[in-house]
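Some notes on the structure that comes next.
The values are calculated or read from the model by the stated rules, or taken from the named source; none is laboratory data. Fair warning: this is a prediction, and the values are worked out from it, not measured in the lab. All Cβ positions, even for glycine, are placed from backbone atoms using ideal geometry, and neighbour counts span all protein chains on display.
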Amino acid sequence: MSTQPYIAKQLREVVSKQVQHRCGYCLAQERVVGTPMEIDHIIPQSLGGPTEEDNLWLACSLCNDYKGNQVAGLDPETGDLTRLFDPRHQEWGDHFAWTESGDRIIGLTATGRATVTVLNLNRLSLVRARQAWVAVGWHPPKD
Ligand SMILES: [Zn+2]
């Protein structure tokens, strides 16, 4: 994206390998979606987040767009303002689970629920794609 700041190629490669070339939020894999993942500043640059390994992860372009400059959202269950999921310092499985059919993400915690809402992790286009991925055994990810 043109709005993405310059990030050294080497740093981009290090981060991409760490996260197995998949989105830290919806877990879509680059080789399945077919479009390059974007570098996500966990704390956005506009809020002072540095372009350093510890603040970087990968996100698919839609998750990155929905996240924008946000670091928090409302937990739909309690209405409380809650920090969004931090894919580098938190475990996905502690905050999210797949539905039995594998096509939707359930927020298990306030952080998980707020992140599902803010990033629209169950957007219809993605749910439909997951249904196709499940059918061929590419989804949900096994780790
Ligand atoms: Zn995503």
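If we keep just the residues of region 116-140 that are within 12 Å of the ligand (Cβ to nearest atom) and within 16 Å of residue 22 (Cβ to Cβ), which is surrounded by the fewest Cβ atoms within 10 Å (Cβ to Cβ)?
Only one residue fits best here, namely 129.
Can you find, within region 104-115, the residue that is nearest to residue 87 (Cα to Cα) among those that are surrounded by 17 or more Cβ atoms within 10 Å (Cβ to Cβ) and within 14 Å of the ligand (Cβ to nearest atom)?
Taking the candidates together, the pick is 115.
Looking at region 33-42, is at least one residue out of contact with any Leu (no Cβ under 9 Å at 6 or more places or on another chain) and at pLDDT 95 or above?
The answer is no; no qualifying residue exists.
Of all residues in region 87-118, which are among the small types (Gly, Ala, Ser) and either in contact with an Asp or Glu (Cβ under 6 Å, 6 or more places away or on another chain) or farther than 17 Å from residue 67 by Cβ (or both)?
93, 97, 101, 102, 110, 114, listed by residue number.
Hey, any hits in region 44-56 for a residue that's surrounded by 13 or more Cβ atoms within 10 Å (Cβ to Cβ), under 16 Å from the mean Cα position of the chain (by Cα), under 17 Å from residue 105 (Cβ atoms) and within 16 Å of the ligand (Cβ to nearest atom)?
Looking for residues that are surrounded by 13 or more Cβ atoms within 10 Å (Cβ to Cβ), under 16 Å from the mean Cα position of the chain (by Cα), under 17 Å from residue 105 (Cβ atoms) and within 16 Å of the ligand (Cβ to nearest atom), one finds none in region 44-56, hence no.
Which condition from (1) more than 21 Å from residue 37 (Cα to Cα); (2) touching a strand residue (DSSP E or B) at 6+ places or on another chain (Cβ under 9 Å) is the one that residue 94 breaks?
Of (1) more than 21 Å from residue 37 (Cα to Cα); (2) touching a strand residue (DSSP E or B) at 6+ places or on another chain (Cβ under 9 Å), only one is false for residue 94: (2).
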